[in-house]
Amino acid sequence: QADVEGRVLELTGPAPLGEFRALLATLAYNNTISQPGMPSTLPREVAVTVFDGRLNSTTAVVTITFAAVNDPPILNLGHGAPAFGFSNTFVEEGAAVPAVAPTAMTVFDADNTSLAWATVVLTNPLDG
């Protein structure tokens, strides 16, 4: 039987040693938070103690180091997922048209609050 309260997982028996070994062998760490400044890169510790009905074992501590990755920024010019582009029609001798959907455009970076640069390239600039 397992009971998770907060950050404590308690496994209760009685059960044979092999069952506890098998269950403890499945312990894993996962973190799904990806925001600027989060998650923290501080090491995580997992402390495990077993009890035989009379005495506790020595607590075994597993240290999980955290290696952050540099996630790329995401640019959406206005059409939403999965199409991140935008199209518009310019009428000859008409007014300028937006190259992005200004109210729907988004720029997001999970691990940064600023960008270093942006590049805009005009393809086929045939006329003035």
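The values are calculated or read from the model by the stated rules, or taken from the named source; none is laboratory data. Quantities reported herein were computed from a predicted structural model and do not represent experimental measurements. Ideal geometry is used to build each Cβ from the backbone, glycine not excepted, and the neighbour counts take in all protein chains shown. Remember, those area values only see protein heavy atoms, side chains included, never the ligands or the DNA or RNA. Shrake-Rupley method; radii C 1.70, N 1.55, O 1.52, S 1.80 Å.
Open to solvent by less than 100 Å² (accessible area, probe 1.4 Å), of a type in the set (A, V, I, L, M, F, W, C) and touching a residue at least 60 places away in the same chain (Cβ under 8 Å), is that true of Ala25? For Ala25, the condition - open to solvent by less than 100 Å² (accessible area, probe 1.4 Å), of a type in the set (A, V, I, L, M, F, W, C) and touching a residue at least 60 places away in the same chain (Cβ under 8 Å) - is not met. Condition check for Asn76 on (1) open to solvent by less than 70 Å² (accessible area, probe 1.4 Å); (2) of a type in the set (S, T, N, Q); (3) farther than 28 Å from Thr103 by Cα: one failure, at (3). Of the residues making up segment 100-110, at least one is closer than 30 Å to Tyr29 by Cα and of a type in the set (Phe, Trp, Tyr).
Out of curiosity, is Leu115 over 25 Å from Thr41 (Cβ atoms) and of a type outside the set (Asp, Glu)?
Numbers: over 25 Å from Thr41 (Cβ atoms): no; of a type outside the set (Asp, Glu): yes.
No, not satisfied.
The set of residues in segment 6-32 that are assigned to a loop (DSSP other than H, G, I, E, B) and under 14 Å from Phe51 (Cα atoms) comprises Thr12, Gly13, Pro14, Ala15, Pro16. Of all residues in segment 42-52, those that are open to solvent by less than 80 Å² (accessible area, probe 1.4 Å), touching a residue at least 12 places away in the same chain (Cβ under 8 Å) and not in a strand (DSSP E or B) total 1.
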